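Data first, discussion second: the structure below is written as structure tokens.
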6 protein chains.
Amino acid sequence: MAHTLGEIRQQLFTSVLSDCLDSVGHSNQAMPSRIRPLDEASVLCGRARTAAFIESRAYDAANPYALEIALIDSLKRDEVPVFACANSLQVAPWGELLSTAAKARGSAGAIMDGCVRDVKAIRSMNYPVFHGGIGPLDTKGRATISVIDEPIICAGVAVSSGDLVFGDADGVVVVPQAIEREVLRLAFEKVQGEKNTLADLQRGDLLADVFARYKIL
Amino acid sequence: MAHTLGEIRQQLFTSVLSDCLDSVGHSNQAMPSRIRPLDEASVLCGRARTAAFIESRAYDAANPYALEIALIDSLKRDEVPVFACANSLQVAPWGELLSTAAKARGSAGAIMDGCVRDVKAIRSMNYPVFHGGIGPLDTKGRATISVIDEPIICAGVAVSSGDLVFGDADGVVVVPQAIEREVLRLAFEKVQGEKNTLADLQRGDLLADVFARYKIL
Amino acid sequence: MAHTLGEIRQQLFTSVLSDCLDSVGHSNQAMPSRIRPLDEASVLCGRARTAAFIESRAYDAANPYALEIALIDSLKRDEVPVFACANSLQVAPWGELLSTAAKARGSAGAIMDGCVRDVKAIRSMNYPVFHGGIGPLDTKGRATISVIDEPIICAGVAVSSGDLVFGDADGVVVVPQAIEREVLRLAFEKVQGEKNTLADLQRGDLLADVFARYKIL
Amino acid sequence: MAHTLGEIRQQLFTSVLSDCLDSVGHSNQAMPSRIRPLDEASVLCGRARTAAFIESRAYDAANPYALEIALIDSLKRDEVPVFACANSLQVAPWGELLSTAAKARGSAGAIMDGCVRDVKAIRSMNYPVFHGGIGPLDTKGRATISVIDEPIICAGVAVSSGDLVFGDADGVVVVPQAIEREVLRLAFEKVQGEKNTLADLQRGDLLADVFARYKIL
Amino acid sequence: MAHTLGEIRQQLFTSVLSDCLDSVGHSNQAMPSRIRPLDEASVLCGRARTAAFIESRAYDAANPYALEIALIDSLKRDEVPVFACANSLQVAPWGELLSTAAKARGSAGAIMDGCVRDVKAIRSMNYPVFHGGIGPLDTKGRATISVIDEPIICAGVAVSSGDLVFGDADGVVVVPQAIEREVLRLAFEKVQGEKNTLADLQRGDLLADVFARYKIL
Amino acid sequence: MAHTLGEIRQQLFTSVLSDCLDSVGHSNQAMPSRIRPLDEASVLCGRARTAAFIESRAYDAANPYALEIALIDSLKRDEVPVFACANSLQVAPWGELLSTAAKARGSAGAIMDGCVRDVKAIRSMNYPVFHGGIGPLDTKGRATISVIDEPIICAGVAVSSGDLVFGDADGVVVVPQAIEREVLRLAFEKVQGEKNTLADLQRGDLLADVFARYKIL
């Protein structure tokens, strides 16, 4: 039985998904610690829509943002733009205007290994953004999207449009479609086991005893 | 007509200033994303007063902080100490005592590519500090100011005493005096255009249509 | 007369301890600025219990966390696990379960130069954690503890079990046992001097005059 | 009167070109020191042909190197492939086979901010390669060319197909076509001045006197 | 039929081994480009013997090098010490004396992600060393071996004692024992195909034609 | 009895000096591995003459190199300019002309944590230069010397004019004047012990036996 995105968002978290990805042999699915949420209280859960930037001073003066616009205007509910930036901290490919447009289409959030700007405005919109840094520099004249909806590598993790992406205060994990069902099954199971472990530790049991009991840490 | 620092502080923000600096060909005026505000709610707007450190174990035992003191005691209303630190994260050249002294002179905040310390106390003073990191290490025996009020490069951006410096949650931009009037004129214009763009996106218009309408993104 | 950990926690802070460590010739006792508290309001003050990781894909399937468990289950009141991680940001050796178990033993907090996970849960427990980053990756299959309670170097600072460790919003300092008494004596003295300096600066005195008066900055 | 590539290669060098680029206000034309020649004795002088990579695990199994092949097979005499690599040191987009094919077309050398492999074979061919590192990893399954002959940024320097690229033991400089004539004129002049300065210093004159005489250092 | 280490050393090279490791799905077997040979003409081919360091100021004054000595004195012909250094560039765990002792046992070379010292002497011995840097600092008081002959991660690559390690001017690859036979079979095949490709390119054939002919690049 | 610089240059080397500095408690006297000799065959032994740069776009158009010239023209036999560069790899403060002028004064070489240029010419002069990188960018408009002959920190090591500086293929060590006599005494002793160790290892003795015999490794 498939889980809805709403169930996943409410009941799972990045740590348990990361552990279950590990347990099926996919140990490179978590973005590194430099990718952070704009708001640590936010939870992002949706389907990736990918874009990759290359660095360039050149741009089409008539429409320097053609592919950004194409991607954002085609977003469907719960989709998540995932931007791979050629040189991540020199540009901020995401800001208030794209957040506003994406949210209006039902987007579940955005992920990028480059910078984000207009962060006060975005936080006040409750639109989850996971980013590599905060800075004001526009992409125009610095970088340009070369492809959209192609498989990319963002912050070291392979992402294809349609992959499940999940982010919370602990970071971002990507669940490839081919193993999504198996990973989610394991994760919903493990969440229950962790609750038992936690309860026993809270009442003061020794870790050695609790680990012997549940084999979870 | 010149804008007052109060008007600039209230109506502008780093993203729009960065875009307008770009549009007049000054694309290296934003400090990198590692320079962060101590308090993301704060806005810094003032005139730079520069100092540069060199690393050294030596110091004048009688007065190891002579140039810090000279700079701080000579601050005028709305001036902003900008400290270029030779090895930014090994020392914290700014803390509660300098913040207190600078604020008493009317300083609008401080910027450094090194560390800041006493951060809880500084936050409670509502004195804006933009920094390269947080750490407790004093400069004494680690670094020393070699010049004040000379043109420096702080966090990769050239700054001269008198330049307009502006910082908010998105980072820090420096507006050289020679282009200040032109950049401010463009920025006040662009702020209005962005409001129109935002309103149309909020009601659900497609980015493609809104961009065609206002040519702003 | 020795100071209690409670007095130290309430009256001292990392900046003053760092300055006093400097003044007795120990200038490498502060962890670098990349080691941050999970909660900037927290203060950690306790006695170190050390562990060092080495990177490895191998683990004992029956008990991959044997030494973590041995260390945590043997914690005494006010002790602080200090984890030196071989490759700090690739693994998160600390999370909600270890925090819960450690807190149940009376631990005063934890310090690591690797990542921490489950950060929302840990923050809600009011258990101080100082870390090199936030990320979801478990150590199993990535790194393993090779020794506990041996002298280590964590984030560049030598730490032995029993050393006084102190952390607050400004970072972490380690006070070696051999100089603890002297450093604490100096620190309690300096705290009083800084209060005088601060008061005079708050009423608008020039730094030059205040520094001449108290020789503290 | 225009200089031939042969005259430029024989008489100029990167330092003098860099100084002359500085003197016409183009101070960001030298690649950083991490870009090194495979053979410090080689001199590269030619016209850029650009390509940009994006990171991706995906590739066309039938022809994973389609754009590499298109670029190399279309090289004309004295042209220089310049490869901007999305994540420079994870892949080696250049090796013995591409060197052989490019040299057979008359290429003057190759430049990349990624890695090169097969370095012993390439050195023995006397084909100049400037690179960001040496490593064996193929691009297939790691990165893919997304565009060729578009303006790119390689190692931080903007490059367009047709630009003059010059490399020697001191590194690589890029001379944009729009200023090429002026920069070359200045460089041929400065080379003569430096010879005079050098001769006077070699006979033991003081720097102060020699600098006063020629204003060159 | 198994290949001897001598055949492997003479006929294979890191690029072809890396490609064949890729083709069987092991894409993380090459050490990064910062690991370099002391002498680019050397070829290292042997069986790993692993050790892992942890950083520590403490050491056993009576025998600070106990595990180094145990490992080196137990080396058999063609074995290769592989040292994982906790903080690679702060210490030089390898030098002339260890090289001399290891070579006397028949060791085929040494690999470390830390520094090496006494490099002029080692080069004159024709003993292959692959290292992360060159520097004079002894490990004593800086780092200590915590385990030998356990599975480790050196420069990001998992290595177990007994694994085939191969290094040349292009870097270092590790071939795990479980896939060694298959990888070697593919590599000896591919070497022949590359010779054909190379010959055709040398006579001026287009890359497109040659790639269509042999499917090798 | 004091040793002459000639004896030190001929008989000692950085590794043994580093070990002896360690043994008298000075463990931070070796520059990091990124500081390399232009020519690995060269040996530098002399007395430091210090200078420190700060980054700045400004310069005195009439004499942008005033302090460089003052330092170089005042060099005495065996003195060694040591340049601390504010942002080491963005500028090349040393090149052929300064090498020529310094060598004409009898300078024993130069050390900098920034870049060097004109490296082919300098190598052919047999003038030892130890540097942080190679690149063509002039300091004019990028950095400026702010002090000469003051105590500085170069590549993390404190250096004062008059200190003994020693460089060879293994790197650079700085011997402070206050401990020079003691360190040299130990070093000349240790050199002899290492010869014995080496001879025994070369004839095949076990490390364990040789270490027991001489206590040197």
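The values are calculated or read from the model by the stated rules, or taken from the named source; none is laboratory data. Because the structure is a prediction, the values reported are computed rather than measured. Heads up, the Cβs are rebuilt from the backbone with ideal geometry, glycines too, and the neighbour counts pull from every protein chain shown. In case anyone asks, the SASA skips ligands and DNA or RNA and just uses the protein heavy atoms, side chains included. Shrake-Rupley method; radii C 1.70, N 1.55, O 1.52, S 1.80 Å.
Regarding D:G135, is this residue free of Cβ contacts under 8 Å to residues at least 60 places away in the same chain, facing another protein chain (nearest Cβ under 10 Å) and under 27 Å from E:R36 (Cβ atoms)? Against the criterion (free of Cβ contacts under 8 Å to residues at least 60 places away in the same chain, facing another protein chain (nearest Cβ under 10 Å) and under 27 Å from E:R36 (Cβ atoms)), D:G135 qualifies. Within this structure, A:K76 fails the test of being in a helix (DSSP H, G or I) and without any contact (Cβ under 8 Å) to a residue 60 or more places away in the chain. Summed over region D:118-132, residues that are basic (K, R) and more than 7 Å from chain E (Cβ to nearest Cβ) total 1.
In region F:70-92, what residues are away from chain B (no Cβ under 12 Å), under 13 Å from F:I145 (Cα atoms) and either in contact with a strand residue (DSSP E or B) (Cβ under 6 Å, 6 or more places away or on another chain) or open to solvent by less than 10 Å² (accessible area, probe 1.4 Å) (or both)? So that I can check it myself, show each step before the final result.
Pass one, region F:70-92, residues away from chain B (no Cβ under 12 Å): F:70-82, F:89, F:92.
With the extra rule that they be under 13 Å from F:I145 (Cα atoms), the set shrinks to F:70-72, F:81-82, F:92.
Those that are away from chain B (no Cβ under 12 Å), under 13 Å from F:I145 (Cα atoms) and either in contact with a strand residue (DSSP E or B) (Cβ under 6 Å, 6 or more places away or on another chain) or open to solvent by less than 10 Å² (accessible area, probe 1.4 Å) (or both): F:L71, F:I72, F:P81, F:V82, F:A92.
Across region F:104-117, the number of residues qualifying as at the interface with chain D (Cβ under 10 Å from one of its Cβ atoms) and not β-branched (V, I, T) comes to 5.
For region C:9-19, enumerate the residues that are part of a helix (DSSP H, G or I) and not charged (D, E, K, R). It would help to see each step written out before you state the result.
Narrowing region C:9-19 to residues part of a helix (DSSP H, G or I): C:9-11, C:14-19.
Hits for region C:9-19 are C:Q10, C:Q11, C:T14, C:S15, C:V16, C:L17, C:S18.
With respect to (1) in a strand (DSSP E or B); (2) touching a Leu at 6+ places or on another chain (Cβ under 8 Å), the lone exception for F:P32 is condition (1).
Consider region D:30-41 and keep the residues that are open to solvent by less than 20 Å² (accessible area, probe 1.4 Å) and in contact with a Pro (Cβ under 8 Å, 6 or more places away or on another chain). The one that is nearest to the other protein chains (Cβ to nearest Cβ) is D:A30.
D:D22 passes every criterion in (1) within 14 Å of chain F (Cβ to nearest Cβ); (2) in a helix (DSSP H, G or I); (3) crowded, with 23+ Cβ neighbours inside 10 Å apart from (3). Spot the failing condition for F:A101; the list is (1) hydrophobic (A, V, I, L, M, F, W, C); (2) at pLDDT 95 or above; (3) open to solvent by 10 Å² or more (accessible area, probe 1.4 Å), and only one is missed. Going through (1) hydrophobic (A, V, I, L, M, F, W, C); (2) at pLDDT 95 or above; (3) open to solvent by 10 Å² or more (accessible area, probe 1.4 Å) one by one, F:A101 breaks only (3). C:F130 passes every criterion in (1) assigned to a strand (DSSP E or B); (2) open to solvent by 10 Å² or more (accessible area, probe 1.4 Å) apart from (2). For first residues located in region A:43-62 and without any contact (Cβ under 8 Å) to a residue 60 or more places away in the chain and within 14 Å of chain D (Cβ to nearest Cβ), partners that are surrounded by fewer than 24 Cβ atoms within 10 Å (Cβ to Cβ) and not acidic (D, E) and lie 6+ apart or on another chain with Cβ distances below 7 Å form the pairs A:D60/A:A66. It is to be established whether one or more residues within region A:171-184 are over 20 Å from A:F53 (Cβ atoms), of a type in the set (G, A, S), in a strand (DSSP E or B) and facing another protein chain (nearest Cβ under 10 Å). Checked against the condition, which is being over 20 Å from A:F53 (Cβ atoms), of a type in the set (G, A, S), in a strand (DSSP E or B) and facing another protein chain (nearest Cβ under 10 Å), region A:171-184 yields at least one hit.
Consider region B:42-67 and keep the residues that are part of a loop (DSSP other than H, G, I, E, B) and among the small types (G, A, S). The one that is surrounded by the most Cβ atoms within 10 Å (Cβ to Cβ) is B:S56. Among the residues of region F:133-147, the ones that are assigned to a strand (DSSP E or B) and surrounded by fewer than 20 Cβ atoms within 10 Å (Cβ to Cβ) come to 1 in all. A count restricted to region E:162-193 and to residues that are over 24 Å from E:I152 (Cβ atoms) and free of Cβ contacts under 8 Å to residues at least 24 places away in the same chain stands at 4. Among the numbered conditions (1) under 17 Å from the mean Cα position of the chain (by Cα); (2) open to solvent by 30 Å² or more (accessible area, probe 1.4 Å), the only one that F:I153 does not meet is (2). Among residues of region E:1-23 that are without any contact (Cβ under 8 Å) to a residue 60 or more places away in the chain, those with a beta-carbon under 9 Å from a residue that is open to solvent by less than 30 Å² (accessible area, probe 1.4 Å) and of a type in the set (D, E) at least six positions away or on a different chain give the pairs E:D22/D:D138.
When F:S124 is tested against (1) without any contact (Cβ under 8 Å) to a residue 24 or more places away in the chain; (2) on the phi > 0 side of the Ramachandran plot, just one condition goes unmet, and that condition is (2). May I ask you to list the residues in region F:76-90 that are over 16 Å from the mean Cα position of the chain (by Cα) and at pLDDT 95 or above? Within region F:76-90, F:K76 is the sole residue that qualifies.
Does F:D22 meet the test of being modelled with pLDDT of 95 or more and of a type in the set (D, E, K, R)? Write out each step before concluding.
Working: modelled with pLDDT of 95 or more: yes; of a type in the set (D, E, K, R): yes.
Criteria met by F:D22.
Is there a residue being open to solvent by 30 Å² or more (accessible area, probe 1.4 Å), within 12 Å of chain A (Cβ to nearest Cβ), at negative phi and not hydroxyl-bearing (S, T, Y) anywhere in region C:186-198? Looking through region C:186-198, none of the residues is open to solvent by 30 Å² or more (accessible area, probe 1.4 Å), within 12 Å of chain A (Cβ to nearest Cβ), at negative phi and not hydroxyl-bearing (S, T, Y).
Across region C:159-170, the qualifying residues are those that are of a type in the set (G, A, S) and within 14 Å of chain B (Cβ to nearest Cβ), and the one among them that is nearest to C:V80 (Cα to Cα) is C:G167. For beta carbons closer than 8 Å, sequence separation of 6+ or different chains, a first residue in region D:98-110 that is in contact (Cβ under 8 Å) with a residue 12 or more places away in the chain and a second that is crowded, with 20+ Cβ neighbours inside 10 Å and of a type in the set (D, E), the qualifying pairs are D:L98/D:E68; D:S99/D:D118; D:R105/D:E79; D:G106/D:E79; D:S107/D:E79; D:A108/D:E79. When A:D118, A:D170 are checked against the criterion of being in contact with an Asp or Glu (Cβ under 7 Å, 6 or more places away or on another chain), crowded, with 24+ Cβ neighbours inside 10 Å and within 18 Å of B:T14 (Cβ to Cβ), a single residue qualifies: A:D118.
Of the set (1) more than 12 Å from the chain's Cα centre (by Cα); (2) at pLDDT 95 or above, all apply to C:P64 but (2).
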